[in-house]
Amino acid sequence: MKVSASFLKSKDIPKDLTKLNETDVDFIHVDIADGKFVKSKTMPFKEMRHIYEYTSKRLDVHLMVENPSEYIPLYAELNTEYITFHVEVDEDIDKDLQLIKDYSIKCGLAINPSTKVSELIPYLPYLDLILVMSVEPGYGGQEFIKETENKLAEVKALLESYNIKAEICVDGGVNDKTRDMCYDATMVVAGSYITNSDDFQEKISSLR
Ligand code: DX5
Ligand code: ZN
């Protein structure tokens, strides 16, 4: 299981990113919220960009925003492996996926807990990652929604039926207990479970 660490709930981002450099975590999950697609709002890119200098890991960017096309060029400048945005947005999804690919970055689509897996079907051939939200997006530290277990099975079956190999990633409320409901995923995002602890590596290892 790959592990992507979110620092949304971190109280000292430079310190936690430096600590994460010493672990085997696969990616740093960057949550971007615009106060429109979700109620919460993260710092503007100008203020955020110096923070990424503390990490040596590749970034896995999660855009919880109404207009991904405004953010994609900014995050494409960084050491970014994935840029993921939500299938629920009103922008032209094909165009935004193509924009990410134009920067030679892998692209993903996220689905909210109430969104049907079938919404992903038109975009499957273009996707490198599917981000299944196991909480309502916007805030860290929420409880894992149990129905996610079935949703992950549905996503896996869908990918198999189309013979597509994309990462299946789960985001929200993941810890060593809820990890047991994520066996159909290939990657988990964990935030508070890691950053609230003293031993980051131990927590990351417990999710593998
Ligand atoms: C939720 C974010 C998640 C969140 C995960 O809006 O997309 O990435 O930071 O944090 P935990 O693991 O604390 O639920
Ligand atoms: Zn996220």
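Values for this structure:
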| read-out | value |
| --- | --- |
| Subset of the range 194-208 (residues that are free of Cβ contacts under 8 Å to residues at least 40 places away in the same chain and open to solvent by less than 40 Å² (accessible area, probe 1.4 Å)) | S197 |
| Which listed residue is open to solvent by 20 Å² or more (accessible area, probe 1.4 Å), in contact with a Phe, Trp or Tyr (Cβ under 6 Å, 6 or more places away or on another chain) and not in a helix (DSSP H, G or I), from E77, E66, E91 | E66 |
| Some residue of the range 117-135 being surrounded by fewer than 18 Cβ atoms within 10 Å (Cβ to Cβ), in contact (Cβ under 8 Å) with a residue 24 or more places away in the chain, in a strand (DSSP E or B) and not β-branched (V, I, T) | no |
| Test: I83 is more than 16 Å from ligand 2 (Cβ to nearest atom), buried (at least 16 other Cβ atoms within 10 Å of the Cβ) and within 20 Å of C169 (Cα to Cα) | no |
| Candidates K19, K36 - the one that is modelled with pLDDT of 95 or more, assigned to a loop (DSSP other than H, G, I, E, B) and either of a type in the set (K, R) or open to solvent by 80 Å² or more (accessible area, probe 1.4 Å) (or both) | K36 |
| Within the range 152-166, tally of residues that are buried (at least 21 other Cβ atoms within 10 Å of the Cβ) and either in contact (Cβ under 8 Å) with a residue 40 or more places away in the chain or not hydrophobic (A, V, I, L, M, F, W, C) (or both) | 1 |
| The one condition in (1) on the phi > 0 side of the Ramachandran plot; (2) more than 10 Å from ligand 1 (Cβ to nearest atom); (3) surrounded by 14 or more Cβ atoms within 10 Å (Cβ to Cβ) that G141 fails to fulfil | (2) |
| Residue under evaluation M43, criteria (1) open to solvent by 20 Å² or more (accessible area, probe 1.4 Å); (2) in contact (Cβ under 8 Å) with a residue 24 or more places away in the chain; (3) closer than 23 Å to V135 by Cβ; (4) not polar (S, T, N, Q), criterion not met | (2) |
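The values are calculated or read from the model by the stated rules, or taken from the named source; none is laboratory data. None of these values were measured; they are calculated from a predicted model. We place every Cβ from the backbone using ideal geometry, glycine too, and count neighbours over all the protein chains shown. Areas reflect the complete protein model, heavy atoms only, side chains present, ligands, DNA and RNA absent. Shrake-Rupley method; radii C 1.70, N 1.55, O 1.52, S 1.80 Å.
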